[in-house]
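Asker: I have a structure here, written as structure tokens, and I will follow up with some questions on it.
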2 protein chains.
Amino acid sequence: MKKRYASVLLPLVALVGFAAPDTALQKVRQYRQAHELPLLKEYMQFLAVPNVAADSANLRQTARFIMGMMQKRGIRAQLLSATTPGVPPVVYGEVRTPGAKRTIVFYAHYDGQPVNAAQWAAGLSPFQPQLATTLLAQGGKLLPMVEAGQPISPDWRLYGRSSSDDKAGVMAILAGYEALAQSKLKAGVNIKFFFEGEEEKGSPHLSEIVEKHRTLLASDLWIICDGPVHQSGQKQVVFGARGDVNVNLTVYASKRPLHSGHYGNWAPNPALELAHLLASMKDSTGRVTVAGFYDDVVPLSPLERQALGRVPNLDATIQQGLGFARPDGNGQTLNELINQPSLNINGMRSANVGAQAANVIPTTAEAALDLRLVLGNDSKRQVEKVVRHIQRQGFFVTAQEPTDAERARYPRIVRVAPESGYNAERTPMDLPMAREVVAAVQRTTAQPVVQLPTSGGSLPLYVFKKINAVTLTVPIANYDNNQHAENENLRLGNLWDGLETMAAIMQLK
Amino acid sequence: MKKRYASVLLPLVALVGFAAPDTALQKVRQYRQAHELPLLKEYMQFLAVPNVAADSANLRQTARFIMGMMQKRGIRAQLLSATTPGVPPVVYGEVRTPGAKRTIVFYAHYDGQPVNAAQWAAGLSPFQPQLATTLLAQGGKLLPMVEAGQPISPDWRLYGRSSSDDKAGVMAILAGYEALAQSKLKAGVNIKFFFEGEEEKGSPHLSEIVEKHRTLLASDLWIICDGPVHQSGQKQVVFGARGDVNVNLTVYASKRPLHSGHYGNWAPNPALELAHLLASMKDSTGRVTVAGFYDDVVPLSPLERQALGRVPNLDATIQQGLGFARPDGNGQTLNELINQPSLNINGMRSANVGAQAANVIPTTAEAALDLRLVLGNDSKRQVEKVVRHIQRQGFFVTAQEPTDAERARYPRIVRVAPESGYNAERTPMDLPMAREVVAAVQRTTAQPVVQLPTSGGSLPLYVFKKINAVTLTVPIANYDNNQHAENENLRLGNLWDGLETMAAIMQLK
């Protein structure tokens, strides 16, 4: 096995040589430079349509908006729906290329993570997209809407929910196709467009839709346009993604909030119980202490390990920018650590803090956990390990609000509510078509393309595997994008680069 | 010493014999029964004036409302202000009784704890007082406003912020005086009314105001009308109160929220750090593990210990009603435990939970702590113990947002922001005037009056000690009042009982 991988390495390196920008790229770039303002305006309208994953009415409107974007570009669009009513549909379209031998599906998702508008910076609102000169946190100033003839800086940031995750993917794919078509350049492959509306919810109906339309979706490759490029700014091709499952915990104490003076020392405090529970799950180095947590991990192949070794290590720089003195992980690098399963506290809450804090013993304490999975982990099995750990800490675990009988019987009660999750997937790094994609992306940039065995983030790649599809992830967003949080933003240069990347892949023969 | 206390016990028991309701009480009761509706209407208008401790404009309006209530009853009212502008004034008034030898100041406070309206039950709003047939949590139904002639049940609940803590005190004192005056009964003492507006903020200016008006406030006794009666429903006289100081903690990690997939396992999680920190402060029995936390406690006197032994123990009943299986405190009773210092988590927050949770590594995690103090503890010293404990857990403690240099240097950073606090006080249980008050209260009820050496809750009694005043706390609210939290309520019968209690004390000679 080792020999085979070793022999593959030479052509791999040769293919990623730094090619000079070609004529086709020049044409695509010129088209984009001439159309930045209308593209930006269209994108801002797109961002103004709310797309929170739980809001199906707005998601339907977002889907309709995308159909309009596709029709404007001469792409016949249709909706692929799940059987369950109210599920956000997939927006689908295709363009056949005469004489093409291969078909590539371009995937992005149009739904976004939940928002708490109150947490966004002054002047920002999740669904009122807003330009700024650079990152606000680094002194950027908000900009009025740009006017015709005014230069648009690639370093400007566009703030708004999904500006980078992942309406940017939809926009880059459609604008990339537009630039190609309008520059009289030919696509080399048949192109299928596939825009999902449930990714941030864990894609619970993607499998059903994909399997139902298995024939329609027949392809040689899926390009998943989601996530950030490397922290160095270098373009990136990613061969896999971690799996993901969320688990919500609610610890119960008294049925009603109590005066902390009259009952403090006697009535149990759910925030303290939750603190003990969470503290028991990870040690001070960030190592998960849940029994068996790391047991079923499939190790990286030698080829993957070698690729990982070539990924630039910017840990010190990133760490400095983020402003903390010591990373978790006992000295392992970020790249090494995203190849391990993780347990993260996404959020924690009990009663109130700050100006709203009152002298009470709270009734409940909640935490939202996020478990990332690597190859070998199973989402249900990983949750079971956590549940067993919680039980070992003396908690009665229930799936519902506790009954009076349960309250009377068990000193520690926690409701555990796992969401639907999915497992990790990885595409072999020596797959010939993968090499072609890396080469195509490499032709659009003077910097080496970073090749990652797996992304730290998650994608429902297991769904595509079910129809025997091959996937490669080609992300375009800037890494400092506040993805999933308040003040999400896209660096405009990343949208333009992404457009060129997508157009280049569409020109594969 | 032991002998002295022992000799005091006999008269103490004799005085609390169950007296039959006297004629004066009958008159006061008849007056109240005939005026329940106008009293209730006035109280609801009073509750509708917002009074959150941080909101000085509304607190001034509340103070003006109280002046109106006093003027209506023929009491000349004035405001006693602090030097600092914007501080809610004390509303003061007095009534001289010809021939009276003694003077009693009646204290209550008109400010309330913070509110989070979203947490109140459906149909309730903190400043739109609302009647219900009983506790909503026990199946109570909301009631329309009562009309003339309609019977008013003493078991009805009146929902709204400060309905029990502590506008109920203001209302009971003024209505008690009204019933006395309108029934042509004579007060036996000179009466001074003193309504504070900063109690829930820790009374930062009370000392200044009291010392400035030392002569005006000369008295033989202060009656503090605040807090709940005993959980048995029995009336209560309380000889002291725990001290209190709040401490706010903010743990800092990355400057910007991070995608939990791309950075999970590597970027430190402030919620986890806070969980470790809080878990280190108390063990699983609720015992505080901060070094020296219990060291400087002054033990109860033999008389106090004996009184404590006579307090009804309803722990099992209360526990069942609250719905938890095991209290903290290693088998000690609630009454024993409120005579010890406490450390309570009032609230805890990091990013979001539930529908707003996103897959992020939060930037900060906050906790609001409440330290209750008993005789011997000092609020500053107690905070210092906690700070030293935090430092021993490896945290750099700062009073401000950390600087970039501090972020680069210290792996664990927490901002510690203590609020102003105060110490505990206790009035000796054998004080003759205290015995008279207990006897007066006893005359209004067929149940034995509970005598507590100290309240679990806190009152700024140290301020009155500065002008050598003697204080006794005579609370009136129901114990299941959700004081300090959402769905605060007052049982109407407790308001009527409180009115009778206050009128009885005013009749002391």
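Asker: Solvent-accessible area per residue for region B:85-142 at a 1.4 Å probe radius, Å²?
Answerer: Ligands and nucleic acids excluded, the figure is 41 Å² per residue.
Asker: Check the straight Cα-Cα distances from residue B:385 and name the lysines below 21 Å, setting aside those fewer than 8 residues away within the same chain.
Answerer: Cα-Cα hits under 21 Å: B:282.
Asker: With an 8 Å Cα cut-off and a minimum separation of 6 or more residues, compute the relative contact order for chain A in percent.
Answerer: 27
Asker: Hey, which lysines would be in cross-link range of residue B:235, C-alpha to C-alpha under 24 Å, not counting anything within fewer than 8 residues on its own chain?
Answerer: B:27, B:167, B:186, B:192, B:509
Asker: Another question, if that's okay. Could you pull the accessible area for residue A:183 with a 1.4 Å probe, rounded to 10 Å²?
Answerer: 20
Asker: Let me ask something additional. Nearest 20 debye, what's the magnitude of the dipole of chain A about its Cα centre given +1 on Lys and Arg Cβ and -1 on Asp and Glu Cβ?
Answerer: Around 960 debye, computed over chain A.
Asker: Work from the charge dipole of region B:194-240 (Cβ charges, +1 for Lys and Arg, -1 for Asp and Glu, about the Cα centre) and give the residue of B:236, B:206, B:218 farthest towards its positive end.
Answerer: B:236
Asker: Which one of A:427, A:153, A:358 has its Cα pushed farthest toward the positive end of the charge dipole of the protein assembly as shown, where Lys and Arg give +1 and Asp and Glu give -1 at the Cβ?
Answerer: The listed residue farthest towards the positive side: A:427.
Asker: While we're here: Please report the carbon-and-sulfur percent of the accessible area for chain B; probe 1.4 Å, protein heavy atoms only, DNA, RNA and ligands left out.
Answerer: Using a 1.4 Å probe with all protein chains present, chain B comes out at 52 percent carbon and sulfur.
Asker: Which number comes out as Rg/Rh for the protein assembly as shown once both Rg and the Kirkwood Rh are worked out on C-alpha atoms?
Answerer: Dividing the radius of gyration by the Kirkwood radius yields 1.07.
Asker: Between copies, how far does the label point of residue B:411 sit from its twins, in nm, shortest first, when each point is 7 Å from Cα along Cα→Cβ?
Answerer: Listed shortest first, these distances are 3.3 nm.
Asker: With a probe of 1.4 Å, find how much accessible area region B:391-488 has per residue, and write the answer as a whole number in Å².
Answerer: With all protein chains present, region B:391-488 gives 36 Å² per residue.
Asker: If you take the accessible area of B alone, add that of A alone, and subtract the area of the pair, what total do you get in Å², probe 1.4 Å, to the nearest 100?
Answerer: Buried surface at the B/A interface: approximately 8500 Å².
Asker: Stick to the Cα atoms of chain A, pair each with every other, and give me the Kirkwood hydrodynamic radius in Å at one decimal.
Answerer: Here the Kirkwood hydrodynamic radius works out to 24.4 Å.
Asker: Comparing the chain by itself with all protein chains present, which residues of region A:264-306 are at least 20 Å² less accessible (probe 1.4 Å)?
Answerer: A:264, A:265, A:266, A:268, A:269, A:271, A:272, A:275, A:276, A:279, A:282, A:284
Asker: Mind listing, in residue-number order, the residues in region A:395-421 that have at least 10 Å² less accessible area with every protein chain present than in their own chain alone (1.4 Å probe)?
Answerer: Correct list: A:407, A:408, A:411, A:412.
Asker: For the protein assembly as shown, with the dipole built from +1 on Lys and Arg beta-carbon atoms and -1 on Asp and Glu ones, taken about the Cα centre, which of B:269, A:333, A:439 lies farthest toward the positive end?
Answerer: The listed residue farthest towards the positive side: A:333.
Asker: Another question, if that's okay. Send over a whole-number figure in Å² for the accessible area per residue of region A:208-341, probe 1.4 Å.
Answerer: Counting only protein heavy atoms, the per-residue value for region A:208-341 is 32 Å².
Asker: Something else about it: How much of the DSSP bridge set in the protein assembly as shown is antiparallel, in percent, rounded to the nearest 5?
Answerer: In the protein assembly as shown, approximately 70 percent of DSSP beta bridges are antiparallel ones.
Asker: Nearest 20 debye, what's the magnitude of the dipole of the protein assembly as shown about its Cα centre given +1 on Lys and Arg Cβ and -1 on Asp and Glu Cβ?
Answerer: Here the size comes out at about 180 debye.
Asker: Note the distances from residue B:133 to each other copy's matching label point, with points 7 Å along the Cα-to-beta-carbon direction, in nm, sorted shortest first.
Answerer: Result, one decimal in nm: 6.6.
Asker: Give the nm distances, rounded to one decimal, from residue B:391 to the matching residue in every other copy, measuring between label points 7 Å along Cα toward the beta carbon; shortest first.
Answerer: 4.5
Asker: On the full set of protein chains, 1.4 Å probe, figure out the accessible area of residue B:155 and give it in Å² to the nearest 10.
Answerer: Counting only protein heavy atoms, residue B:155 exposes about 80 Å² to solvent.
The values are calculated or read from the model by the stated rules, or taken from the named source; none is laboratory data. All values derive from a computational prediction rather than experimental measurement. A quick note on method: Cβ atoms are made from the backbone with ideal geometry, for glycine too, and the neighbour counts reach across all protein chains shown. Surface areas here come from the heavy atoms of the whole protein model, side chains and all, with no ligands, DNA or RNA. Shrake-Rupley method; radii C 1.70, N 1.55, O 1.52, S 1.80 Å.
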